[in-house]
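What follows is a single structure, written as structure tokens, with notes after it.
The values are calculated or read from the model by the stated rules, or taken from the named source; none is laboratory data. Keep in mind the model is a prediction, meaning the values are calculated, not measured. We place every Cβ from the backbone using ideal geometry, glycine too, and count neighbours over all the protein chains shown.
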């Protein structure tokens with residue numbers, strides 16, 4: 001059995017160093033109702049047995065996640081789809097064949113057996129197969145579904161390295177697998193196929209254009225009433241305040257806040273002329289690179305103690321739409337984010 005670098009929680013004798021532990025150990029913890037942080041191609045997930053209500057409740061408690069906010073169930077094989085979804089339309093079959101394993105989540109009518117805590121009390125369930133060798137090894141040996149939202153405090157920046165998980169959740173996680181930095185860097189695209197025409201609930205790791213090209217139709221964006229993960233107005237937030245502006249106003253916006261006495265970081269594709277007191281962080285021109293590095297860059301800005309980030313949204317093409325979505329939600333009022 002393949003092994004990977006992991007950190008064990010609740011074991012003071014080794015909590016400060018890494019250990020090599022087999023996938024078997026992760027499966028053992030999950031079957032016992034524990035929590036395992038798993039790398040995926042999108043972000044690190046906080047995994048628990050999706051059929052174990054007490055285990056799933058641990059996710060909500062550790063993250064501080066609202067009980068009505070649904071979870072994505074991760075599967076190891078497309079043959080498991082009918083175990084969770086009672087209806088699988090042709091569009092779902094097409095999308096699964098094209099993009100699974102991969103960063104695409106399908107929302108489908110749920111089987112009666114699916115726990116209400118997984119669905120937020122809805123009649124739908126969100127499902128995906130991640131495209132990461134380690135996650136797939138765990139899923140396939142486990143044999144069932146794993147509920148696995150991002151392994152961070154609710155509403156905050158998602159983790160894209162094992163160190164992000166450990167620094168934020170600490171010993172609350174029974175096992176943290178280190179699978180290296182996430183290749184995609186933003187969460188999965190969520191498409192609602194539970195009723196009527198397919199609808200985009202959240203842009204993510206599969207560009208909307210690819211989905212529309214495959215299905216031969218435009219995805220709706222407003223018709224669905226389904227609640228989905230990561231779609232609250234305020235989400236994905238750094239500790240620093242985040243202000244969105246346009247490229248032509250960027251330097252003035254940053255300078256104004258600098259004059260007010262705030263420590264300011266600028267995040268944009270194009271670097272404007274800035275005084276030395278203002279730090280510049282580059283947002284890559286390539287949308288895929290921007291997505292892959294976004295959360296790590298925002299965490300770096302937080303680590304350096306900046307008060308405010310002034311950012312410019314990238315173009316909407318490709319994964320740029322997902323980056324825009326994350327920055328827009330990060331800049332929203334944070335009354336709902338603890």
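What to note about this one:
- Residues in the range 113-128 that are within 18 Å of residue 201 (Cα to Cα), assigned to a loop (DSSP other than H, G, I, E, B) and touching a strand residue (DSSP E or B) at 6+ places or on another chain (Cβ under 7 Å): 1 in all.
- The set of residues in the range 65-112 being assigned to a loop (DSSP other than H, G, I, E, B) and either surrounded by fewer than 16 Cβ atoms within 10 Å (Cβ to Cβ) or over 19 Å from the mean Cα position of the chain (by Cα) (or both) consists of 66, 67, 68, 77, 86, 87, 88, 89, 111, 112.
- All positions within the range 39-64 that are at pLDDT 95 or above and part of a loop (DSSP other than H, G, I, E, B): 39, 40, 41, 42, 43, 44, 50, 51, 52
- Filtered residues of the range 232-246 (kept if at pLDDT 80 or above and assigned to a loop (DSSP other than H, G, I, E, B)): 236, 238, 239, 240, 246
- From 126, 147, 135, residue being crowded, with 23+ Cβ neighbours inside 10 Å, modelled with pLDDT of 95 or more and closer than 15 Å to residue 63 by Cβ: 147
- Some residue of the range 249-256 being surrounded by 17 or more Cβ atoms within 10 Å (Cβ to Cβ) and either in the same structural domain as residue 205 (by TED's automatic domain parsing) or assigned to a strand (DSSP E or B) (or both): no
- Odd one out for residue 62 among (1) buried (at least 18 other Cβ atoms within 10 Å of the Cβ); (2) in contact with a helix residue (DSSP H, G or I) (Cβ under 9 Å, 6 or more places away or on another chain); (3) within 26 Å of residue 219 (Cβ to Cβ): (3)
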